[in-house]
Amino acid sequence: MDISVNGPKIYYTIPILGGINITQTMVTLLAVTIILIVVSYFVTRNLTKRPSSIQVIAEKLISMLYGLVEDTMGKHNSHFTPFIGTIFLSSIVGTLLGMTQIFRSATADLSVTLAWAIVTTLLVWYYNIKNFGFKAWLKGFTEPIVVMTPMNIVSEIATPVSMAFRHFGNVAGGSVLTALIYAALAALTNFVFGWLPEAVLAVFPPIFQIGIPAFLSIYFDLFSGFVQALVFSLLTMVYIGAANPPPVEKAEESK
């Protein structure tokens, strides 16, 4: 059983700035962008007061997303809904494309989830400084006592790292586990039917590989991918919402 687990393939290297690699992940993210743009165009191009079934479904989903953001972050943060929706849909579509065997799951690349987590962290820092002041932000690292400063700094750095690794680890781990089981089922097929002539084995279907990998893919790619996208989006909302509270809370915390 020969199995190798590698990172995304490099399709081409642009010979500038020391070499810029065009990888599987970049191609997948480009496909995700095109899919989301095309779907958005066809869903919104003929909006009417008497909506079609597609328009009703789209409006319901958007209303649910706005409701989730407002319930988690507050109505004053509803303008973050497109940002949260983009992360969620990019994660879902990027993971689902990995099921096609043509693309590699975008969220199985740590650089993708880490980039999203870093953007979230920068937004949190920005709103903390904007709302409470730079001095108050720095002072927060010394609370509740000064000796906790190193731990608070480590915690601040660990937040985006944990967000990125949680999402990446679950998706990438599921892909590796599915590949291992798929290879094991192939080995089991050869072991059970190894007594058949080679000419027969060449055309013999891998019977133990039929069905089982599909069920595993439904769990690891569909269910787990959806859950991880939702968890990442919820954590993003919680962190940004805490850094940008309602105006009344800002005034009280600034005192």
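Round to the nearest 0.05 the FRET efficiency obtained for residue 126 and residue 191 when R0 = 41 Å and r is the Cβ-Cβ distance. So the FRET efficiency works out to roughly 0.10.
Computed from the C-beta positions of residue 59 and residue 37 and an R0 of 25 Å, the FRET efficiency is 0.85 to the nearest 0.05. Couplings for the stretch 88-105, taken from phi via the Karplus curve 6.51 cos²θ - 1.76 cosθ + 1.60 with θ = phi - 60°, read 4, 5, 4, 5, 4, 5, x, 6, 5, 4, x, 7, 7, 6, 8, 9, 9, 3 Hz in order; Gly and Pro are left as x. Under a 5 Å amide H cut-off, with hydrogens placed 1.01 Å from N, residue 23 pairs with 11 among residues at least 5 apart or on other chains.
Given the Cα-Cα distance of residue 224 and residue 119 and 0.36 nm per residue of separation, how much length would full extension add, in nm?
35.5 nm
For the peptides 95-106, 58-69, 42-53, the ranking by mean Cβ contacts within 10 Å, running from highest to lowest, is 95-106, 58-69, 42-53. Size of the stretch 1-127: Rg and Dmax of its alpha carbons, in Å, are 18.3, 60. Net charge around residue 25, counting only other residues with Cβ within less than 13 Å of its Cβ (Lys, Arg = +1; Asp, Glu = -1)? Residues near residue 25 contribute +1 overall.
We did not get these values from a lab; they are worked out from the coordinates using the rules stated. Because the structure is a prediction, the values reported are computed rather than measured. Note: ideal-geometry Cβ built from the backbone for every residue, glycine included; neighbour counts use all protein chains shown.
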